[in-house]
Structures are given as structure tokens and as C-alpha cells.
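The values are calculated or read from the model by the stated rules, or taken from the named source; none is laboratory data. Note that the structure is a prediction, hence the values are computed from the model and not measured. Here the Cβ positions follow ideal geometry from the backbone for every residue, glycine too, while neighbour counts run over all protein chains shown.
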Amino acid sequence: MSTTAAGTTTLTDKQQRILRYLRENGQMKTYFKSRLIGDELGLTAKEVGANMTTIADGEFDVDVEKWGYSSSTTWKVTV
């Protein structure tokens, strides 16, 4: 992962898939569990959580905030 001169983050394939998933589903839903995102994308909850941090810290058209921790990290997503 690298940062360009314009300040945008270059995302890995996994991060791009997660971001695309959030964009597509964030219109209908606000809270997402890492485990359920992973089930949809063929990733583990740990992989999702590790990659969501980059999305949360980046400047994208999706706002991501770590929200809860019961039975899998929950993320609050605003599109």
C-alpha cells in the first residue's frame, strides 16, 4: 500500500473489494459486522478488520467508524 502525491491511498485488491461492498450495501444498511462482510467476500473476519482500518483512515466517499466488538467487530458506515 502506498500514498500518492495527491494524498489518496492506493488500496489493495481486498481493500477495493471491501470498499465496493460498502458502497453497494451502505445505501440500505448502516452497521456491518466483519464476519458477515467476510462471509460475503470470501475473507475471514480478521482480514476484513485489518483492511477496514485503511478504509476508515483514508479519504473516500464512505465514512467508516469502528462501533462495537460483540461476536465480531461492528462497523458504522455512512455513504
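Scanning segment 37-54 for residues that are more than 14 Å from L19 (Cβ to Cβ) and either loosely packed, with under 14 Cβ neighbours inside 10 Å or β-branched (V, I, T) (or both) yields D39, G42, T44, K46. Starting from segment 14-29, keep only residues that are within 15 Å of E47 (Cα to Cα), then list their pairs with residues that are of a type in the set (D, E) whose Cβ atoms are within a distance under 7 Å, requiring at least 6 positions of separation or different chains. Note: pairs meeting the criteria are K14/E47; Y21/E40. Note on segment 6-32: residues that are at pLDDT below 95, of a type outside the set (A, V, I, L, M, F, W, C) and farther than 14 Å from T78 by Cα amount to 4.
When segment 55-74 is limited to residues that are of a type in the set (S, T, Y) and surrounded by 14 or more Cβ atoms within 10 Å (Cβ to Cβ), the one that is nearest to Y21 (Cα to Cα) turns out to be T74.
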